[in-house]
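For reference, the structure is listed below as C-alpha cells.
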Amino acid sequence: MTCLDPFHDRVFRNGGKCQKLTQFFSRGGTARGLETTPLPSRDTCLTHTDGAHARRSDPAGYDPAMTRRWLFADQLGPHFAVGHDGVLLVESRRALARRPFHRQKLHLVLSALRHRAAELGDSAVLLRTDTYTEAVRELGEPVRVYEPTSYAAERLVRRLHADGVVEDIDPTPGFSLPREEFAAWAGNRRRVRMEDFYRFQRLRLDLLVEGERPVGGRWSFDDENREPPPKGAERLDVPPPYQPREDDIDAGVREDLDRWTREGHLSPVGDDGPRVFAVTRREALAALDRFVMKRLGAFGPHEDAMLRGDWAMAHSLLSVPLNLGLLDPVEVVDRAAQAYRDGDAPLASVEGFVRQVIGWREYVWHLYWHFGPTYRRRNALAARRPLPGWFDRLETDQVDAACLQDALTGVRERGWVHHIPRLMVLGNWAAQRGYHPDALTEWFQTRFVDGYDWVMPANVVGMSQHADGGAMATKPYVSGGAYIDRMSDYCGGCRYDPKKRLGDDACPFTAGYWAYLDRNAARLEGNHRMARPLQQRHRLADLEAVVAQERRRAATPP
C-alpha cells in the first residue's frame, strides 16, 4: 500500500488504511456516522425503480466480468455499475485548484466522493493525487470508464485508452438517451428545438402519453405555470425542502478545505455554510421523496416566480444529486408521473417538472456535444465587456437594485438560485451590459454548485445571452423591470422604479433593456420576434439620453 500526500491527505485502497487517513475514518478503520456497504451480489439490481431499470440497455449495479471501474465525481449512483474488482475514485488536486470554484461546490464534490468510498468499503480505492493520470498509473491496473461529461475529460480518457491504461469506454447511464441516438434523431435538422426533442423524449419513454397523444391533450402546460407569487406572501405555503444532516465526513471535508485555502492551494469564492444538497444515494432518494410527496403539487404555478424571503420556493433542489449521478433521471420523472396517476399532484406541475428533467436537462447535455467544443466561444452580438470585479466576486455591498442584490447574495451564500433569477436577473443584467459570453459561462460554471462544463454553454451562450445567433433559442431573453416587478416582490422595496428609464431612480433593468435594443438593433433586425420591440424604441423621445445614461453607468454596481 502506498500513501500519497499532495494535500496532506492519504490514500484508501483495497481496504488498507494509512496511519494518518483523513478524519472520515475512525481509529477503528470504519466510516463514522455511515453504514459501509459491501460489494453487491451479482443478482442485486441497485436501480431504484423497475421503470427506470427496464428502460436502460446499459447494465446497472454490478458486472462480474468487469475490471475495476474508474468513476468520476459525477458518476456516483448505483446505475453506474461497479466492477468485479471494485471502483477507483480520485481526488485530483489540480482539478480542484484550476478554477475559482464556489466553496460549497468543492465541499459537495469531495463529500460525495468520500461518502461513496465509505459506502463501498473494501471494494473502493480512493486516491488523492495531483492529476488523474497520476492516479490511474499509481493504481497499476487497467480500468474501465463511462463516457465523461466534458471535452477535457474525454480527451484525457481517450489518451489513456490509447496508452492501454483504460481498458474500455462505455456509454454513460447518467442520461436517458445515448449520445449516438440523439445524433441520429438530430440528423440533418437545420435547428434542433427543445419542443421537438421534448415530445420525442415523452413518446420514447412512454411518459405522460396515451399512445401518440399527450395526457391532458397538451404537450406543455407552461401557460398555467407562469403565475406571479401570491400577493402579500413572503413565502409559499409549502413544506420546506429536504435538509441533509452533516456528518464526520463533512467535518473532515470542511477542515481540509479550510487548511488548503490557508496554505494557498485553493482560492475558492463564496461563503462556506451548512450543506444544503444531497451527496449520497440515501439522501438523494430522501430529497426526491420529500419533493414528490410534499412539494411537487405546488411547484408548477409559481415555478417562474421569485420571493425575497423564499429562495427555494417549491423547486426540487435535485439538480445537484442529479449532476453528481446519484439519481437516474428516468426514476425521477417516473416518480413524478406516478404522483399524477395517484392523484397526488396536478398534471400541470408534473408536466413542468418532467419537462425540466428529461426535456431541458437532457437537451442541454446533448447540445453540448452536438454544437462542439468551440460553441461556448460564439459571440454573435459582439459582447466584449469583462465581468466587473463586484459581479465576479459576488460582492453586493454597493448593489442597490433589490433583485440583483438578492440573486448575487443567493449565489454567494448557497451557490444556487433557481432558473428565473439565473435567466431573468443575472443573465438579463449580463446581456444588457454586454458581458463577454465565454467569461459569463465560466462564471456560472464555477459559482454554481450544479454548474458543469456540459451544463452552462447552452444555458448561457444560447438561452441567456443569444450569443449563438439563434442556433438554440429564437430570441434573446432580455426584459425591462416590468417583468421582474410582475414576477417578484423585489420592486416594492427597491430604490429604483421599474416604470422609469431615466433619472436617479430609473430602474437599471428598464433603462438597460432599451440600451440593449439600441446597441444590438442591426444584429437583431432579421429576427421577426424582435421586430416589434426594435420598432418601439423609435417612439422613445428620450432614447438617446437613456443610452448615454447607461453608457455612463458602465461597470458600476447599480
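The values are calculated or read from the model by the stated rules, or taken from the named source; none is laboratory data. All values reported here derive from a predicted model rather than from experimental measurement. In this analysis, Cβ positions are derived from the backbone assuming ideal geometry, glycine residues included, and neighbour counts consider all displayed protein chains.
Listing for the model above:
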{"quantity": "So Gly526, is it assigned to a loop (DSSP other than H, G, I, E, B), of a type in the set (Gly, Ala, Ser) and in the same structural domain as Leu426 (by TED's automatic domain parsing)", "calculated": "yes"}
{"quantity": "Selection from region 364-402 of residues that are under 18 Å from Pro476 (Cβ atoms) and either at pLDDT below 95 or hydroxyl-bearing (Ser, Thr, Tyr) (or both)", "calculated": "Tyr375"}
{"quantity": "Residue identified as in the same structural domain as Val320 (by TED's automatic domain parsing), at pLDDT 95 or above and among the acidic types (Asp, Glu) among Glu263, Glu210, Glu255", "calculated": "Glu210"}
{"quantity": "Wholly within region 323-413, helices (runs of 4 or more DSSP H) carrying at least 3 residues that are under 19 Å from Pro437 (Cα atoms) and touching a Pro at 6+ places or on another chain (Cβ under 9 Å)", "calculated": "362-371, 389-392"}
{"quantity": "Check on Leu177, more than 17 Å from Val87 (Cα to Cα) and either charged (D, E, K, R) or modelled with pLDDT of 95 or more (or both)", "calculated": "yes"}
{"quantity": "Qualifying residue in region 267-281 (condition: farther than 21 Å from Arg361 by Cβ, surrounded by 23 or more Cβ atoms within 10 Å (Cβ to Cβ), touching a Lys or Arg at 6+ places or on another chain (Cβ under 7 Å) and at pLDDT 95 or above)", "calculated": "yes"}
{"quantity": "Restricting region 380-415 to residues that are of a type in the set (A, V, I, L, M, F, W, C) and in contact with a strand residue (DSSP E or B) (Cβ under 9 Å, 6 or more places away or on another chain), the residue that is nearest to Phe448 (Cα to Cα)", "calculated": "Val411"}
{"quantity": "One residue from Phe291, Phe299, Phe277, Phe221 being among the hydrophobic types (A, V, I, L, M, F, W, C), within 21 Å of the chain's Cα centre (by Cα) and over 30 Å from Ala81 (Cα atoms)", "calculated": "Phe299"}
{"quantity": "Region 226-269: number of residues that are aliphatic (A, V, I, L, M), part of a loop (DSSP other than H, G, I, E, B) and under 25 Å from the mean Cα position of the chain (by Cα)", "calculated": "3"}
{"quantity": "Tally, over region 161-176, of residues that are in a helix (DSSP H, G or I) and more than 29 Å from the chain's Cα centre (by Cα)", "calculated": "1"}
{"quantity": "Cβ-Cβ under 6 Å pairs, at least 6 apart or on other chains, region 273-287 side closer than 12 Å to Leu317 by Cβ, far side in a loop (DSSP other than H, G, I, E, B) and hydrophobic (A, V, I, L, M, F, W, C)", "calculated": "Ala284/Ala278; Ala284/Leu326; Ala284/Leu327; Ala287/Ala278"}
{"quantity": "Residues of region 373-427 satisfying the condition of being within 19 Å of Asp271 (Cβ to Cβ), surrounded by fewer than 22 Cβ atoms within 10 Å (Cβ to Cβ) and in contact with a helix residue (DSSP H, G or I) (Cβ under 6 Å, 6 or more places away or on another chain)", "calculated": "Leu394, Thr396, Val399"}
{"quantity": "Failed condition for Gln23, given (1) of a type in the set (S, T, N, Q); (2) over 29 Å from Gly451 (Cβ atoms); (3) modelled with pLDDT under 50", "calculated": "(2)"}
{"quantity": "From Trp443, Trp429, residue being within 26 Å of Ser150 (Cα to Cα) and either in the same structural domain as Tyr513 (by TED's automatic domain parsing) or in contact (Cβ under 8 Å) with a residue 40 or more places away in the chain (or both)", "calculated": "Trp443"}
{"quantity": "Selection from region 206-220 of residues that are within 16 Å of Val333 (Cα to Cα) and either part of a loop (DSSP other than H, G, I, E, B) or in contact with a Cys (Cβ under 8 Å, 6 or more places away or on another chain) (or both)", "calculated": "Asp206, Leu207, Leu208, Trp219, Ser220"}
{"quantity": "Residue in region 299-319 that is closer than 16 Å to Glu227 by Cα and assigned to a helix (DSSP H, G or I) present", "calculated": "yes"}
{"quantity": "Qualifying position, being crowded, with 21+ Cβ neighbours inside 10 Å and over 19 Å from the mean Cα position of the chain (by Cα), among Ala471, Ala482, Ala515", "calculated": "Ala515"}
{"quantity": "Which numbered condition Val333 misses (of (1) touching a residue at least 60 places away in the same chain (Cβ under 8 Å); (2) closer than 17 Å to Pro457 by Cα)", "calculated": "(2)"}
{"quantity": "Condition broken by Pro558, with the remaining ones in (1) assigned by TED's automatic domain parsing to the domain that holds Pro476; (2) more than 21 Å from Ala473 (Cβ to Cβ); (3) touching a helix residue (DSSP H, G or I) at 6+ places or on another chain (Cβ under 9 Å) satisfied", "calculated": "(1)"}
{"quantity": "Pair list, Cβ < 9 Å and 6+ apart or interchain, from region 206-219 residues that are loosely packed, with under 11 Cβ neighbours inside 10 Å to residues that are of a type in the set (A, V, I, L, M)", "calculated": "Glu212/Leu203"}
{"quantity": "Which listed residue is without any contact (Cβ under 8 Å) to a residue 12 or more places away in the chain and closer than 19 Å to Val192 by Cα, from Ala473, Ala531, Ala458", "calculated": "Ala473"}
